[in-house]
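Undergrad: Could you have a look at this structure, given as structure tokens, before my questions?
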Number of protein chains: 4
Amino acid sequence: MDRSATSAEVERVVAAAERLGLKAHPIPGAQRTAVGITGNKGAVGPGAFEALPGVLEVLSVSHPYKLVSREFHPEDTIVSVGGVLVGGTRVVVIAGPCAVESLEQTLTIAREVKARGADVLRGGAYKPRTSPYAFQGLGEEGLKILAAAREATGLPVVTEVLDTAHVEIVAHYADCLQIGARNMQNFELLKKAGKTGKPILLKRGMSATLEEFLLAAEYVLAENNPGVILCERGIRTFTDFTRNTLDLSVVPAVERISHLPIVVDPSHGTGRREKVLPMSRASVAAGADGISVEVHNRPAEALSDGPQALTPDMFGELMDQVRAIAAAVGRTT
Amino acid sequence: MDRSATSAEVERVVAAAERLGLKAHPIPGAQRTAVGITGNKGAVGPGAFEALPGVLEVLSVSHPYKLVSREFHPEDTIVSVGGVLVGGTRVVVIAGPCAVESLEQTLTIAREVKARGADVLRGGAYKPRTSPYAFQGLGEEGLKILAAAREATGLPVVTEVLDTAHVEIVAHYADCLQIGARNMQNFELLKKAGKTGKPILLKRGMSATLEEFLLAAEYVLAENNPGVILCERGIRTFTDFTRNTLDLSVVPAVERISHLPIVVDPSHGTGRREKVLPMSRASVAAGADGISVEVHNRPAEALSDGPQALTPDMFGELMDQVRAIAAAVGRTT
Amino acid sequence: MDRSATSAEVERVVAAAERLGLKAHPIPGAQRTAVGITGNKGAVGPGAFEALPGVLEVLSVSHPYKLVSREFHPEDTIVSVGGVLVGGTRVVVIAGPCAVESLEQTLTIAREVKARGADVLRGGAYKPRTSPYAFQGLGEEGLKILAAAREATGLPVVTEVLDTAHVEIVAHYADCLQIGARNMQNFELLKKAGKTGKPILLKRGMSATLEEFLLAAEYVLAENNPGVILCERGIRTFTDFTRNTLDLSVVPAVERISHLPIVVDPSHGTGRREKVLPMSRASVAAGADGISVEVHNRPAEALSDGPQALTPDMFGELMDQVRAIAAAVGRTT
Amino acid sequence: MDRSATSAEVERVVAAAERLGLKAHPIPGAQRTAVGITGNKGAVGPGAFEALPGVLEVLSVSHPYKLVSREFHPEDTIVSVGGVLVGGTRVVVIAGPCAVESLEQTLTIAREVKARGADVLRGGAYKPRTSPYAFQGLGEEGLKILAAAREATGLPVVTEVLDTAHVEIVAHYADCLQIGARNMQNFELLKKAGKTGKPILLKRGMSATLEEFLLAAEYVLAENNPGVILCERGIRTFTDFTRNTLDLSVVPAVERISHLPIVVDPSHGTGRREKVLPMSRASVAAGADGISVEVHNRPAEALSDGPQALTPDMFGELMDQVRAIAAAVGRTT
């Protein structure tokens, strides 16, 4: 309450809480009275009190998420992506091209990354592009190519879904649905993707707080789908030497308050090939359950995001380094 | 090019440009050689060059947008929302509740804002909510209520569309479709909303650069729909005394490089009622073509965003102040 | 407290508070127990509790500033800069070159801005420059030129002080000492400048929260110097079309919680001449007590920050526009 | 140039460049003419051209720093701090209390960290505090305590200098002068500290770009002092689960463009004890030349920053983990 709040104003807050089925505990202090409110199961927002006279500020001491919280589910969740377990002792490596460009390109890259130790194949069939004039992906044709690459290599496939209208078809072909950073708060998409029961790789939005990130995952879990893999891919800051700022502190932060696994995408997070290796090492050292990296057989000719793609040989070097770091933190690859 | 780039590396860049149908102009300097590339119509990204040996940095001197640009369309675009012209000399005021809660609530508020000079009614039927446990809107029922309020007051209606699956039904009832900040880069939604031919109120994403904002509008214009109204609603920064940071400098910036009208939403931009009045004045003084504000007859009981809603009387005061500022900058309300 | 905190852990928090002379109020809730702490006069930080077992989070409900707060000093403070009152009904205009370059340049500009209605002359003698190779200012020579310009025009002078070693000499010549954004948390400088008794124009740091900004002012007031003028000059965000993001919402925010006057610097805030006029209008409309703008007789030849300086004629146009807005909000110029 | 720029305007830009002793290279393109400018040694800023008619934008292709750049000095710089080499194959660990509180506290902690493998002792005698009412440090008394701890343990000492007036005395006692984040652009302090010839641990400002960070180091090198150790300690972003966002990508970015060593401070960078271990591992994995961590024998009673300090036992665990990661990247501790 404001320093100048009257006792009538304090009582009005107490009455408002009680009308909403909550309990109010006034705490008179030297300078002001605070009122603790308990019994809120998440349905009552701060708006119910902020507008009352004499109220200075409303501070939340509980968080609005529940199913994603370690408080409610203390054990780590392990998500199976076509048999590959994410969230256990093994550090999982997801690799592949940014965009599926052709059968030949995708098969070549899938074989190259499989040979060097990748666990899951990634590749975009539907591409979210900032400009309407940029390559928008091959669509269902791309999904078929990914399925063929899985057939040929045994690698399970993760690919992005952009729109509720494509959820069914993507779920038909893919082992795991990726929800991209730009769609992290596309709530209809979260609900519909959640309903498929397929595992969801949920990328953090470029300006998402941790609470917003976890609440987006909560949308999926609320559809009775426990299979969410969180993915840090860089946040937007003033910094200009990388495309985004990879916020690795989110890895221990998630581990502390949620039971969901978290992987890191250092390719989009940095936007620069030469930073992908050191930031992959750093991600695993910070405790990430996996990484997702872009690999292209001919980066200079890639139809999207060439500057951040690794060649197969660079990817091989990355695998060696990641293996060494994983061992140093007591994990395998 | 890098200072240590060889002439063979420079030649390879020139050759790469020519293979792509572009023209390259090497500029030898005291410390390094720069290579100017011309003839790019937007299809070739920086990736085509960044991966080549000896290349230090690729800088864009042209922008990838076209239809939204004042260079290509020098005259101001004026968008008609059910007969109300946005982008002309008149400063347009859009007002109404955050969420449509009931027929009675919506009719009451619509009449109150109409009586005080509002031009357009706003109100959410489909609500994007950070938490899956918060009120998600009345859906089609809410659209019917908005149509009834238009019938009763003559105010055209703007309301948000969240998903491609709802575009048709929202376009059936509303005079203008709002695309929210969280969906600014939901490209499928932009395309489908653009195809309806209805005017689009496009809110800037919380971490969108000006180029990304204009490219989102370009998606709509590329569907042969020229009716985009841009809307600044606050960006995400470290600042914590407002919910978002209203970036009013975007108003003169848009005016300089685009022909599209721009309005400001100081309710979401600040998240605090007591800042809505001063920031509404500031928006109009900066040159905005209109403002969009939340008004609720009983803010303390609003189902969403109560703390930022004005009472009808505060809205009346806002109209008086906005009128005075509009006159001072040579505009009407 | 954590959901799983034991009652022994709660008691340990209570005991810790009491040892520190504070009072603790446990509030048992459905999910967790919260403990309200009262009686803290600012000396005890959150660290005293955060490290205790069972403690989940420590939230402050009181702020650590006092002298700058409107709660402790309800009336507006009016600061006199050489007889010009800042913080009253008059909107004060501070104008002049970024850097003092020569007597002739400074006199010319001082006369031009005086003729068009400026109240205070600004100009840098000691210049903080990002690069060691950029022009660093004329030093004491520049101070003498400013004093001569005051002599010639009657305009009081505000100029920046960069280092504790220069405080005395700057205070000898200037009517008001400016502390720049880069020095907002140079606490030794704040203390020493405060001790001079001269008014201080304190610019907000590029990444300063409102609390940090007010605490920097508190350092000056704690030296028994009540004469602080706050100055918003743009914060650092991801936005790239202006040099900084002018955060005008800070104007009503300061007005609400502090009695100190606040002015806006739209030249540094935007870094672009064409945005200075609209953002000056917006600043005054938002309730600012004044503006500070850069004017140069030959902007293309200015030794620093040319792109943001206005010509004298543009400044004349700005004065006309600012006068109209000031009148619209019931103030004079 | 603008699309509509006339050839007279292009010529005027060429003439302006030549007047400044530079060379201009017009490059006519399909949509606009670009003008490449060469021969600039850093003295001419963009302002010389941005104000000319027809100029749309001025883009820098060279950077204003020189001495810090790897282009000018390809070999890694190794800085000796009292005999401990920073920037070689060894990962250096700097540890100690946030603030020097007493001889006994400092000796205890120095011995504890020495016993577990620390290389350098840290501790603040002059403390920059956001609030004027917080503990401001012991001053010279604190410097003497640090010297005594060095005597007792053999650990070289790094401590912060806040003001030009204290440079001499701090340089008298310390092996390395720390310039804090808030003073990164206190240019007078950088110059004076540089002149002492002592190594400088330069912390990145909370909103400093990489270019600003390197230019701050350039101020020191321009005083003929090559001994700068850069230090990442977190940047200010919207993220709220850590006090600052540790920007580890800066480590490979610095390594690529500068020859200076870089260390990471994960204590201030995260502000939370439980994140210090994982982020220390991540820092070393990313390629950092060292880390700086806060250790306190009784964190709950620390006079400043208790929540981020490790106990000696936690520090021992950190050393074990850092050793394992250092070995995995081919370095020693």
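Undergrad: When you scan region B:119-139, how many residues do you find that are open to solvent by 10 Å² or more (accessible area, probe 1.4 Å) and more than 30 Å from A:A216 (Cα to Cα)?
TA: 1
Undergrad: OK, next. Name the residues in region C:266-309 that are under 16 Å from B:S249 (Cβ atoms), among the aliphatic types (A, V, I, L, M) and without any contact (Cβ under 8 Å) to a residue 40 or more places away in the chain, would you?
TA: C:M279, C:A282, C:A286
Undergrad: Kindly indicate whether C:A171 is within 27 Å of C:A288 (Cα to Cα) and part of a helix (DSSP H, G or I).
TA: yes
Undergrad: Across region C:285-301, what is the number of residues that are open to solvent by less than 20 Å² (accessible area, probe 1.4 Å) and within 7 Å of another protein chain (Cβ to nearest Cβ)?
TA: Result for region C:285-301: 4.
Undergrad: Please specify each residue of region A:222-237 satisfying the condition of being more than 15 Å from A:D76 (Cβ to Cβ) and of a type in the set (A, V, I, L, M).
TA: Within region A:222-237, A:A222, A:I235 meet the criteria.
Undergrad: Residues of region C:79-113 being within 14 Å of C:A302 (Cβ to Cβ) and in a loop (DSSP other than H, G, I, E, B), which ones?
TA: C:P97, C:C98, C:V100, C:E101, C:S102
Undergrad: Here's a follow-up. Output the residues belonging to region D:231-256 that are open to solvent by 10 Å² or more (accessible area, probe 1.4 Å), within 20 Å of D:N183 (Cα to Cα) and more than 7 Å from every other protein chain (Cβ to nearest Cβ).
TA: Hits for region D:231-256 are D:R233, D:R243.
Undergrad: Mind listing just one residue for me: the one in region A:207-230 that is in contact with a Lys or Arg (Cβ under 9 Å, 6 or more places away or on another chain) and of a type in the set (V, I, T) and, of those, surrounded by the fewest Cβ atoms within 10 Å (Cβ to Cβ)?
TA: Selected residue: A:T209.
Undergrad: In region C:124-147, how many residues are touching a Ser or Thr at 6+ places or on another chain (Cβ under 8 Å) and either free of Cβ contacts under 8 Å to residues at least 24 places away in the same chain or hydrophobic (A, V, I, L, M, F, W, C) (or both)?
TA: So the count comes out to 6.
Undergrad: For region C:66-75, check the following and say yes or no: at least one residue is part of a loop (DSSP other than H, G, I, E, B), hydrophobic (A, V, I, L, M, F, W, C) and open to solvent by 20 Å² or more (accessible area, probe 1.4 Å).
TA: Within region C:66-75, one or more residues are part of a loop (DSSP other than H, G, I, E, B), hydrophobic (A, V, I, L, M, F, W, C) and open to solvent by 20 Å² or more (accessible area, probe 1.4 Å).
Undergrad: Still on this structure, please answer the following. Restricting to region D:193-206, and then to whatever is buried (at least 23 other Cβ atoms within 10 Å of the Cβ) and basic (K, R), can you tell me which residue is farthest from the other protein chains (Cβ to nearest Cβ)?
TA: D:K203
So that you can scan it fast, the table gives a plain yes or no per residue for (1) at pLDDT 95 or above; (2) assigned by TED's automatic domain parsing to the domain that holds D:V13; (3) more than 30 Å from B:I257 (Cβ to Cβ); (4) not small (G, A, S):
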site: D:P74; (1), (2), (3), (4): no, no, yes, yes
site: D:V100; (1), (2), (3), (4): yes, no, yes, yes
site: D:E112; (1), (2), (3), (4): yes, no, yes, yes
site: D:R129; (1), (2), (3), (4): no, no, yes, yes
site: D:P132; (1), (2), (3), (4): no, no, yes, yes
site: D:F135; (1), (2), (3), (4): no, no, yes, yes
site: D:G154; (1), (2), (3), (4): yes, no, yes, no
site: D:V161; (1), (2), (3), (4): yes, no, yes, yes
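Undergrad: So in region A:221-230, with the set limited to residues that are assigned to a strand (DSSP E or B) and away from chain B (no Cβ under 14 Å), which one is farthest from the chain's Cα centre (by Cα)?
TA: The extreme case among them is A:I229.
Undergrad: Go through region B:310-322 and count every residue that is part of a helix (DSSP H, G or I) and without any contact (Cβ under 8 Å) to a residue 60 or more places away in the chain.
TA: Counting residues in region B:310-322 that are part of a helix (DSSP H, G or I) and without any contact (Cβ under 8 Å) to a residue 60 or more places away in the chain gives 6.
Undergrad: Turning to a different aspect of this structure: Kindly indicate whether B:A24 is free of Cβ contacts under 8 Å to residues at least 24 places away in the same chain, within 14 Å of chain A (Cβ to nearest Cβ) and more than 31 Å from the chain's Cα centre (by Cα).
TA: no
Undergrad: Regarding A:D240, is this residue under 22 Å from the mean Cα position of the chain (by Cα), assigned by TED's automatic domain parsing to the domain that holds A:K191 and assigned to a loop (DSSP other than H, G, I, E, B)?
TA: Spelling it out, it is not the case that A:D240 is under 22 Å from the mean Cα position of the chain (by Cα), assigned by TED's automatic domain parsing to the domain that holds A:K191 and assigned to a loop (DSSP other than H, G, I, E, B).
Undergrad: Does C:D175 count as within 23 Å of C:S267 (Cα to Cα) and either in contact (Cβ under 8 Å) with a residue 24 or more places away in the chain or within 12 Å of chain D (Cβ to nearest Cβ) (or both)?
TA: yes
Undergrad: While we're on this one: Give the number of residues within region A:193-216 that are in a helix (DSSP H, G or I) and touching a helix residue (DSSP H, G or I) at 6+ places or on another chain (Cβ under 7 Å).
TA: Residues that pass the stated criteria total 4.
Undergrad: So, one more: Go through region B:88-117 and count every residue that is closer than 20 Å to B:L230 by Cβ, of a type in the set (G, A, S) and open to solvent by 10 Å² or more (accessible area, probe 1.4 Å).
TA: Of the residues in that region, 1 qualify.
Undergrad: Just to verify a result, which residue in region B:257-284, among those that are out of contact with any Pro (no Cβ under 8 Å at 6 or more places or on another chain) and among the β-branched types (V, I, T), is farthest from the other protein chains (Cβ to nearest Cβ)?
TA: That would be B:V263.
Undergrad: With the structure loaded, tell me whether C:G36 is within 24 Å of D:R298 (Cβ to Cβ), modelled with pLDDT under 95 and either open to solvent by less than 40 Å² (accessible area, probe 1.4 Å) or in the same structural domain as C:E18 (by TED's automatic domain parsing) (or both) or whether it fails that test.
TA: Considered against the rule, which asks whether it is within 24 Å of D:R298 (Cβ to Cβ), modelled with pLDDT under 95 and either open to solvent by less than 40 Å² (accessible area, probe 1.4 Å) or in the same structural domain as C:E18 (by TED's automatic domain parsing) (or both), C:G36 comes out as no.
Undergrad: Would you confirm, using the coordinates I've provided, whether C:S60 is outside any loop (DSSP other than H, G, I, E, B), surrounded by fewer than 16 Cβ atoms within 10 Å (Cβ to Cβ) and in contact (Cβ under 8 Å) with a residue 12 or more places away in the chain?
TA: no
Undergrad: Right, something else. Can you tell me which residue is farthest from B:A286 (Cα to Cα) among those in region B:305-321 that are facing another protein chain (nearest Cβ under 10 Å) and open to solvent by less than 10 Å² (accessible area, probe 1.4 Å)?
TA: B:G306
Undergrad: Could you check D:A24 against (1) touching a helix residue (DSSP H, G or I) at 6+ places or on another chain (Cβ under 7 Å); (2) within 18 Å of B:A34 (Cα to Cα); (3) open to solvent by 60 Å² or more (accessible area, probe 1.4 Å) and say which number it fails?
TA: (3)
The values are calculated or read from the model by the stated rules, or taken from the named source; none is laboratory data. Note that the coordinates shown come from a computational prediction; the quantities given were computed from them, not determined experimentally. So basically every Cβ, Gly included, is an ideal-geometry build from the backbone, and we count neighbours across all protein chains shown. For the accessible areas, the whole protein counts, side chains as well, though only heavy atoms, and no ligand, DNA or RNA atoms are used. Shrake-Rupley method; radii C 1.70, N 1.55, O 1.52, S 1.80 Å.
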